[in-house]
Amino acid sequence: MSWSFETDADFQAELDWTSAFVRDELEPLDFVIEHPYDLQDPVRRKLIPPLQKRVRERGLWACHLGPDLGGPGYGQVKLALMNEILGRARCAPITFGCQAPDSGNSEILAHYGTPAQKERFLRPLLENEIVSCFSMTEPQGGADPKVFTTKAELHGDEWVIDGEKWFSSHARWASFLIVMAVTDPDASPYQRMSMFLVPSHTPGIHIVRNTGLGYEPGEGGHAYIRYEGVRVPKDAMLGPRGGAFVVAQTRLGGGRIHHAMRTIGQVRKALDLMCERALSRFTQGQMLSEKQMVQEKIADTWMELEQFRLLVLQTAWKIDRYHDYQKVRKDISAVKALMPKVFHDAAARALQIHGSLGVSNEMPFSTMLIESFHMGLADGPTEVHKVQVARGVLAEHRGTKGMFPTGHLPALREAALRRYADVLEREVREL
Ligand SMILES: Cc1cc2nc3c(=O)[nH]c(=O)nc-3n(C[C@H](O)[C@H](O)[C@H](O)COP(=O)(O)OP(=O)(O)OC[C@H]3O[C@@H](n4cnc5c(N)ncnc54)[C@H](O)[C@@H]3O)c2cc1C
């Protein structure tokens, strides 16, 4: 039996190094690099590769991967502790080679890619020589992939892709897209679609526009794409024909928990700023920190953060233990469903405690609030994950055929009296 919450000293030294590196090198970078995924940006080209080199020299590159793919193979618990720190800076994941969606895309390439696909797409992706895009959601619906209509038809030796995709993050910087398309319209709903590896310079790919999130002025990073007669060779399929759902699940399981790990870093940042302000601001005869309703905000945030973190770490531990995302589906959905609320509530409280400054664009809280909604949508909306949790919990229970529930007190009392009847009778006789 082993039950420990300690980090071993060697790994703690790596975490300390990472923490100082993120604070000193990467948090400042967020102010000078607009899009860390834009590999052509001259400022980014100058500043990020030398930092990536330092991460590699430290042996912390691509910590989500095993040694076969160039990572240290730390497993999810250690990765969680690292990602909590990386979550503090936008530029941190790409500097450590574990950024979404490339991390998930490399996971499915490693799992399903042919040797030729791995050489062409996976190898440069792992080196961050290129970035990638996962193009699945469609304008008419994202939460239910069964409504997708983008299709791929086999014409001779080529697949021809037609349709529209929405919120394909980073498409404008990506060298290739992983596109989900209907290949077998008459098959059952979960076997109608396949995945394709599509180089982004392929004729027929039109970016209608690049949508931004609420806090981003101008062009954003989420593409509305029209695929018009996009031709790729027959061997561009990734994974089995009709296997798109299974392939997507392989990538989303890991992606969801990695987002949660990084969100812990953002929630902690909100809490730290909240406490600093409470200890610095004097109003109506007291520091904010002395007012009970402010104390409540701080206590609630800390308790929710610690609960959430424990669930994330326990889920990470289960992934390491079972090596099977199916076995931790309920846990991952629970983490995914909790994440936006914990993040939202922490950001909202921090904003409130900062007053007018908090709501302004001079503090990060309004960005955090939008990002909390991002966490409640990307990789599936919260509602869908709650349903998944409920199904998992219900699967561990059974109904009763009796008229009254098994917890009905009169029946339990009667059973207890029957069980201890002889003792009770003896005691009464001896009175
Ligand atoms: C920042 C960001 C990045 C993204 N990046 C990508 C990407 O790279 N690639 C990609 O393919 N997609 C991406 N997405 C899209 C994301 O996967 C979808 O937003 C998500 O699946 C929901 O789809 P939708 O936006 O079409 O909402 P809809 O499917 O229209 O759902 C809208 C709302 O309806 C409710 N709802 C839906 N289903 C249910 C249900 N079963 N029960 C109860 N309520 C329900 C929920 O409140 C949900 O938010 C990204 C999204 C965001 C916000």
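With respect to the chain, whose longest principal axis is taken over its alpha-carbon atoms, helix 76-86 is tilted by about 70°. Surface analysis of the stretch 1-110 yields an accessible area of 47 Å² per residue, using protein heavy atoms and a 1.4 Å probe.
Please find, in a Gaussian network model of the chain (springs between Cα atoms separated by less than 10 Å), the residue of TYR227, TYR37, TYR420 whose mean-square fluctuation is greatest. Maximum among the listed residues: TYR420. Angle of helix 9-21 to the longest C-alpha principal axis of the chain, folded into 0 to 90 degrees and rounded to 10: 60°. Residues PHE134, PHE308, ordered by accessible area of protein heavy atoms at a 1.4 angstrom probe radius and largest first, appear as PHE134, PHE308.
Shown here is the pair-distance distribution of the stretch 136-198: with all Cα-Cα distances grouped in 5 Å bins from zero up to the longest one, the shares run 4, 18, 27, 26, 16, 7, 2 percent. Helical runs (DSSP H, four residues minimum) scored at -39500 (n - 2.57) apiece and divided by the length of the chain put the mean residue ellipticity at 222 nm at -15000 deg cm²/dmol.
Given axes a ≥ b ≥ c from the Cα gyration tensor, I'd like to know whether the stretch 1-116 is rounded (a/c under 1.5), prolate (a/b larger than b/c) or oblate. Oblate is the answer for the stretch 1-116, as a/c is 1.5 or above yet b/c matches or exceeds a/b. Extent of the stretch 74-148 along its three principal axes (Cα atoms, max minus min coordinate, largest first): 38, 31, 22 Å. Largest first and in whole Å, the equivalent-ellipsoid semi-axes of the chain read 42, 33, 22, each the square root of five times a Cα gyration tensor eigenvalue.
Placing a label point 7 Å from the Cα of ARG58 along the Cα-to-Cβ direction, the residues of the stretch 16-30 with a backbone N closer than 11 Å are 16-26. For the stretch 177-282, the ratio of Cα radius of gyration to the globular rule of thumb 2.2 N^0.38 Å stands at 1.60. Report the residues of the stretch 225-241 in range of a label on GLU158: point 7 Å along Cα→C-beta, backbone N strictly under 16 Å from it. Once the point is set 7 Å along Cα→Cβ of GLU158, 227-237 turn out to lie under 16 Å by backbone N, inside the stretch 225-241. I'd like the accessible area for ASP10: 1.4 Å probe, protein heavy atoms, all chains in place, Å² to the nearest 10. So the heavy atoms of ASP10 present about 120 Å² to solvent. Taking 0.36 nm per residue of sequence separation and removing the Cα-Cα distance, the SER188/GLU290 pair yields an extension gain of 30.6 nm.
The angle separating the long axis of helix 365-375 from the principal Cα axis of greatest extent in the chain is about 90 degrees.
The residues packed around LEU238, meaning those with a beta-carbon under 11 Å from its beta-carbon, carry a net charge of +2 if Lys and Arg are +1 and Asp and Glu are -1.
Mean-square fluctuations from a GNM of the chain, with a 10 angstrom spring cutoff on Cα atoms, peak among ALA92, ALA100, ALA143 at ALA143. A Cβ-based charge dipole, computed about the Cα centre of the chain with Lys and Arg at +1 and Asp and Glu at -1, lands at about 640 debye.
The values are calculated or read from the model by the stated rules, or taken from the named source; none is laboratory data. Just so it is clear, the structure is predicted and the values come from calculations on it, not from any experiment. Glycine also receives a Cβ, built like all others from the backbone with ideal geometry; neighbour counts cover every protein chain displayed. The protein model used for the area step is the full one, side chains on, heavy atoms only, and it has no ligands, DNA or RNA in it. Shrake-Rupley method; radii C 1.70, N 1.55, O 1.52, S 1.80 Å.
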